[in-house]
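The values are calculated or read from the model by the stated rules, or taken from the named source; none is laboratory data. What you see is a predicted model, and the numbers here were worked out from it, not measured in a lab. Methodologically, a virtual Cβ is constructed for each residue, glycine included, from the backbone with ideal geometry; neighbour enumeration extends over all protein chains shown.
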Ligand code: HEC
């Protein structure tokens, strides 16, 4: 068939008519639009407090209202280039230490060991990996002496609380990471994976640090 200007015009006209039909019929289906619903901030007799809006859950952060300070970053004033805080910003009592112990056993003991000696069940397999990593014995300051900390000027026995917070939150940078190669077990970005994404409650991280410091003062017998 030869395509002439007239046949083309007819075809376009037909498509337009069909399109209009489709629009007309679909637009008539208003069920979703008309369904029963609460508009924002209207009253409702469904909920006991008479409000259609549900109360905010605890810890809700308003847009632009995220608090960035020493407690949420481990750095003085929350400034990412400032020094690490040297004291734990939460007040520590027996409950906090118990919480820290429980969280330590959940999030850290698999690698660093329940006794903090670096001999958790996952330590052996990880040490046999490509990087041959050794878990620091976190409860034994003597064994942390002279251990170099990536990108920092202090050794691990001198590391301030804020650095511990940073390590838990962001992980420990792998200085040998090669960004031109895929991230694999032999080429990881972090030698210690950030546990912060699992420990969402900021103060739980501080509670763990408080517990570690307490154990460093009086470490358990190693065997
Ligand atoms: C999957 C195993 C694993 C878990 C779980 C783990 N760590 Fe580690 N951690 C490591 C390894 C491996 C290193 C040594 C990293 C290195 O030498 O580069 C390390 C190092 C550290 C260091 C020293 C950081 C440094 O710069 O050398 C601290 C502090 C630490 N871990 C604290 C913790 C705490 C607290 C937890 C629990 C919240 C935890 N880790 C959970 C594997 C783990």
Handout entry: residue 175 being part of a loop (DSSP other than H, G, I, E, B), without any contact (Cβ under 8 Å) to a residue 60 or more places away in the chain and more than 25 Å from residue 220 (Cα to Cα)
Key = yes
Exercise for the section: For residue 105, state whether it is in a helix (DSSP H, G or I), over 24 Å from residue 82 (Cα atoms) and near the ligand (Cβ under 10 Å from one of its atoms). Expected result: yes
Problem - Only one of 138, 133 that is within 12 Å of the ligand (Cβ to nearest atom), assigned to a loop (DSSP other than H, G, I, E, B), over 18 Å from residue 201 (Cα atoms) and modelled with pLDDT under 95 - result: 133
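Pick from 66, 41: which is at pLDDT 85 or above and closer than 22 Å to residue 169 by Cα?
The match here is 66.
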Completion exercise
Among the residues of the stretch 179-223, the number that are near the ligand (Cβ under 9 Å from one of its atoms) and part of a strand (DSSP E or B) is 3
Practice task
Return a yes/no flag: does the stretch 39-54 have any residue that is part of a loop (DSSP other than H, G, I, E, B) and closer than 21 Å to residue 204 by Cα.
Solution key: no
Handout entry: residue 173 vs. criteria out of contact with any helix residue (DSSP H, G or I) (no Cβ under 8 Å at 6 or more places or on another chain) and within 11 Å of the ligand (Cβ to nearest atom)
Key = yes
Exercise for the section: Among the candidates 81, 72, single out the residue that is more than 13 Å from the ligand (Cβ to nearest atom), within 18 Å of residue 202 (Cα to Cα) and within 22 Å of the chain's Cα centre (by Cα). Expected result: 72
